[in-house]
Amino acid sequence: MKDARRPAIYRYAFLTRASHWLWVLALFILVGSGLQIFNASPNLDASDKSDPARRVLAIGSPAEGVGTTTIFGRTFVTTGWLGWTNDGMGSRGAHAFPATITIPGFKDLAGGRRWHLFFAWVAALCWLAWLVSAAIKGSLREMVLRPSDVPKLWPMQAYYLKLRKTPPPYGIYNPLQKASYTAVLFVIAPLVVVTGLALSPGIDAIANPLTVLFGGRQFARLWHFAGMLVLLIFFAVHTFQVATQGVVNQMRSMITGWYQPQ
Amino acid sequence: MRRRLFIASSVSALAGCGPLSSGLSQNEQFMRVLGSVEGLNHRLIGTRGLARGYRERDVDRVFRVNGFATPSDAAYARLLADRFESYRLVVEGAVERPRAFTLSQLRRMPQQTQITRHDCVEGWSAIGKWSGVRLDDLLGAVGPRDDARYVVFRCMDNDGAGNLYYESLDMHQAHHPQALLALRLNDAPLDPDHGAPVRLRVPTQLGYKSAKWIARIEVVGSFARIAGGHGGYWEDQGYEWYAGI
């Protein structure tokens, strides 16, 4: 253990910690089951109905034993990774994403949909509970990017790039953290939820302008997928930061609530 | 050291997710818990809106075939051979006036044309121009009794294992103004792959609700004792009965 130079502070309330870990679980299940759903029709079109002329991404298997990925018309051979992959049944087959990263770990659209629709509710209700509690306690103020933080964004980045010796002054979260938390919690996550809803023919019938707003149903599917990628990028950067900024202290604080200031 | 331990434990935790999720997916009780949100989605979203109508130029002239292709059994081959002259759409069950409709009788009823998008559960979408008899009109002709709760569509195609395709709608969905017994697609009589001679169109729900090759319509109080008891061929395989999402 490091020397306790300053007394530990109670940094994360129970609801914050619970929703954090529930999100981790939900994110992985939603990504895995989402890829299962994607595999049933492994194309993404920038259009309302399916339209090969407006295809942005296509993962396929043009021949036995060959997997390809086509992005904006450029085709790459991705055998073993995408297109022709592990089918979860002990061999390889024409599967866009390998069964090793889908939920369930074999071809099962009905099962994937059940996981996805259930944990979509878990993630959304969790977000709502967290938002309400954070707003009541006032801890949102420390997380949300404010106009006064904007001039500090570059100095903070410069500090990370070792172009500056000291970071700009900030509170609990630095300006870059605030920017990414704000983007993920208030832009990307709601976007993923809303684009998911826009895929529903029932909701489309009630609120067609929503689907039109995203460029149509297939386009909404594309945005939904892109939002997932952004969340994964956030996850990767976030995990890297935790791993490099005192992983034990960080993990302890998100589990027990107690953080040891350095 | 700690960092390596952290990464190693994260990787092993992730590797454990696949088998765990696959195991849970084969647990019926667990999947029933996951499926519990279906009722919530049905109540919140339902089928209350009207599916968007499209323009002629949005129509897919070659409409992708969903589900199974043309039934291969002898009975269907006979119907095809006599151009559906001997076809009868039987409407029975909890109705005041059970009836069998010939194709020409159905053609003489008021026709609705809708250009709507078909959203497959697999994820793709296609737009077709459909014409036929509103299910609401057909039900009006037979008069559902007070104990009628579901309309079950019995189809002519089977999956090769002897399971006949079927689907069901509740009375609210069946009376939806766009629930259509389609006789035509893109200005021509339905072809065999698209469900000739009569198929259902339910544009407010996913494609598997839009049953093809309908032989018999049965109005019932409950579908619990029909086939697997979940109200449809795909429902019996684990898909949601409420297909609005």
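Can you compute the equivalent ellipsoid semi-axes for the protein assembly as shown, i.e. the square root of 5 times each eigenvalue of the Cα gyration tensor, sorted largest first and rounded to whole Å?
So the equivalent ellipsoid measures 50, 24, 22 Å along its semi-axes.
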Original post:
At each listed q (0.21, 0.27, 0.29 Å⁻¹), what is the log10 of I(q)/I(0) that the Debye formula gives for segment A:43-96 modelled as equal alpha-carbon point scatterers?
Top reply: -0.70, -0.92, -0.99
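How many times 2.2 N^0.38 Å is the alpha carbon radius of gyration of chain A? The partial results should precede the final answer.
Values: Rg = 21.3 Å, N = 262, 2.2 N^0.38 = 18.3 Å.
This ratio for chain A stands at 1.17.
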**OP:** Just rank A:258, A:115, fewest to most, by other beta-carbon atoms within 10 angstrom.
**Re:** A:258, A:115
Original post:
Hey, in the GNM for chain B with a 10 angstrom Cα cutoff, which one of B:186, B:66, B:41 fluctuates hardest?
Top reply: B:41
**OP:** Enter the mean number of other protein chain beta carbons within 10 Å of the beta carbon of each residue in A:215-223, as an integer.
**Re:** 2
Subject >> In Hz, Karplus ³J(HN,Hα) per residue of segment A:140-146 (6.51, -1.76, 1.60; θ = phi - 60°; x = Gly, Pro) >> reply: 4, 4, 6, 9, 7, 5, 10
Original post:
Considering every residue in A:193-202, what mean count of other chain Cβ atoms within 10 Å of its Cβ is obtained?
Top reply: 5
**OP:** Compute the long axis of helix A:109-137 from its Cα atoms, compare it with the longest principal axis of the Cα atoms of chain A, and write down the angle in degrees, 0 to 90, nearest 10.
**Re:** 20
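At a 10 angstrom cut-off on C-beta neighbours, averaged per residue, how do the peptides B:89-97, A:67-75 rank from highest to lowest?
B:89-97, A:67-75
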Subject >> Bins of 5 Å from zero: percent of alpha-carbon pairs in segment B:35-237 >> reply: 1, 7, 15, 21, 22, 18, 11, 4, 1, 0
Original post:
Between residue B:183 and residues 5 or more places away or on another chain, which pairs have amide H atoms under 5 Å apart, with H built 1.01 Å from N, and which residues are they?
Top reply: B:131, B:132, B:133
**OP:** Give me the net charge of residue B:153's neighbourhood, meaning all other residues with Cβ under 10 Å from the Cβ of residue B:153; Lys, Arg count +1, Asp, Glu -1.
**Re:** +3
Original post:
How far is helix A:217-244 tilted, in degrees, relative to the longest principal axis of the Cα atoms in chain A, given as a value from 0 to 90 rounded to the nearest 10?
Top reply: 40
Subject >> B:217, A:101 arranged by Cβ crowding within 10 Å, fewest neighbours leading >> reply: A:101, B:217
Subject >> Helix axis angle, A:189-198 relative to chain A longest principal axis, alpha carbon, degrees >> reply: 30
Original post:
Ranked by Cβ crowding within 10 angstrom, fewest neighbours first, how are A:200, B:22 ordered?
Top reply: B:22, A:200
Subject >> Spatially close lysines, pair count over the protein assembly as shown: Cα under 28 Å, gap of eight or more or interchain >> reply: 18
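Read-outs: derived from the displayed coordinates by stated rules, not from any lab. This structure is a prediction, so every number in the text was calculated from the model and none was measured. Methodologically, a virtual Cβ is constructed for each residue, glycine included, from the backbone with ideal geometry; neighbour enumeration extends over all protein chains shown.
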